[in-house]
Amino acid sequence: MVLIKASKLEKEFNSQAGPIKVLTNINLTVQTGEFVGVVGPSGSGKSTLLYVLSGLEKASAGEILLFGEKVGSMNDIKMNEIRREKIGFVFQFYNLLPNLTVLENVELPLVIKKSNDLNKASEILYLVGLDQFASFYPSQLSGGMQQRVAIARAMVTNPKILFADEPTGNLDHKSGTEIMKILKRLNQEQKVTIVLVTHNLDHVAYCTRKLELIDGTIGKDERVSV
Ligand SMILES: Nc1ncnc2c1ncn2[C@@H]1O[C@H](COP(=O)(O)OP(=O)(O)OP(=O)(O)O)[C@@H](O)[C@H]1O
Ligand SMILES: [Mg+2]
């Protein structure tokens with residue numbers, strides 16, 4: 001099933017020196033179950049692509065279908081619902097709330113959703129190997145552990161797609177590998193479709209597909225052989 005379909009996507013930012021073209025003629029289809037690794041030089045538009053595909057940023061031209069629905073023409077309520085129910089996000093700098101415990105951070109999307117089933121938070125903490133740390137505060141954990149909490153928080157609502165923008169960018173080698181293994185497991189066992197931005201070419205080996213951005217266009221788009 002096609003989860004994301006982008007056609008003739010363009011993105012421009014306005015700067016004092018005039019408009020800057022950041023994405024040019026992006027045509028892309030992501031199917032259920034894929035694990036896409038987006039690579040490319042700094043400034044090539046990787047983060048922008050992630051934000052535009054997920055509806056966080058508006059495209060300047062072109063069309064995006066998310067779960068078959070056109071992003072530009074959805075109203076805010078519908079878009080928020082999709083974001084809350086079907087999409088998870090993980091960023092380079094975890095963005096955990098410092099005054100909430102690990103468990104409370106992971107429960108937060110469920111509380112916002114007014115879900116009665118807060119048990120899901122403990123289950124997913126177990127899945128990322130942090131059930132023993134439920135009552136800790138983020139500052140008491142290592143960077144790698146905080147990122148695992150952020151992944152648990154992103155996954156607690158059972159999203160169909162997980163977007164991750166350099167989730168290992170701030171971590172040491174060992175913690176980075178752990179995060180990639182967790183993502184791989186989510187992709188294979190929970191069938192979560194993942195679009196990951198990374199600078200680390202070794203991490204592309206965990207993906208099923210490598211997408212290379214060069215100056216805002218797709219350079220290479222190839223299957224990763226295992
Ligand atoms: N909000 C913005 N306003 C103006 N220009 C922007 C904005 N966001 C990004 N850009 C520009 O768009 C280009 C692509 O940025 P983007 O962050 O998508 O690159 P990237 O590939 O993710 O880079 P990195 O690997 O350093 O994270 C850069 O030249 C950047 O300066
Ligand atoms: Mg970036």
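Structure values in brief
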quantity	calculated
Subset of region 159-173 [touching a helix residue (DSSP H, G or I) at 6+ places or on another chain (Cβ under 8 Å) and more than 16 Å from ligand 2 (Cβ to nearest atom)]	Pro159, Lys160, Ile161, Leu162, Asp172
Answer from Lys181, Lys160, Lys113 - the residue that is without any contact (Cβ under 8 Å) to a residue 40 or more places away in the chain and open to solvent by 20 Å² or more (accessible area, probe 1.4 Å)	Lys181
Residue that is farthest from Leu103 (Cα to Cα) [pool: residues in region 188-203 that are more than 16 Å from ligand 2 (Cβ to nearest atom) and more than 12 Å from the chain's Cα centre (by Cα)]	Asp202
Which listed residue, of Gly129, Gly144, is small (Gly, Ala, Ser), in contact with a Lys or Arg (Cβ under 8 Å, 6 or more places away or on another chain) and at negative phi	Gly144
Val90 vs. criteria within 16 Å of ligand 2 (Cβ to nearest atom), modelled with pLDDT of 90 or more and either within 27 Å of Val30 (Cα to Cα) or of a type in the set (Lys, Arg) (or both)	yes
Which numbered condition Ile20 fails, given (1) closer than 29 Å to Ser225 by Cβ; (2) open to solvent by 70 Å² or more (accessible area, probe 1.4 Å)	(1)
Positions within region 38-68 being within 13 Å of Val22 (Cα to Cα), more than 12 Å from ligand 2 (Cβ to nearest atom) and of a type in the set (Val, Ile, Thr), in sequence order	Val52
Number of the exception - Ser60 against (1) in contact with a Lys or Arg (Cβ under 6 Å, 6 or more places away or on another chain); (2) closer than 25 Å to Lys160 by Cα; (3) open to solvent by 60 Å² or more (accessible area, probe 1.4 Å)	(2)
Yes/no for Asn25 being at pLDDT 95 or above, at negative phi, open to solvent by 80 Å² or more (accessible area, probe 1.4 Å) and of a type in the set (S, T, N, Q)	no
Test: residue in region 213-222 that is within 18 Å of the chain's Cα centre (by Cα), closer than 27 Å to Leu9 by Cα and within 16 Å of ligand 2 (Cβ to nearest atom)	yes
Where Thr168 falls short, out of the listed (1) under 16 Å from the mean Cα position of the chain (by Cα); (2) away from ligand 1 (no atom under 16 Å from the Cβ); (3) hydroxyl-bearing (Ser, Thr, Tyr)	(2)
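The values are calculated or read from the model by the stated rules, or taken from the named source; none is laboratory data. Because the structure is predicted, anything quoted here is derived from the model rather than measured. In this analysis, Cβ positions are derived from the backbone assuming ideal geometry, glycine residues included, and neighbour counts consider all displayed protein chains. Areas reflect the complete protein model, heavy atoms only, side chains present, ligands, DNA and RNA absent. Shrake-Rupley method; radii C 1.70, N 1.55, O 1.52, S 1.80 Å.
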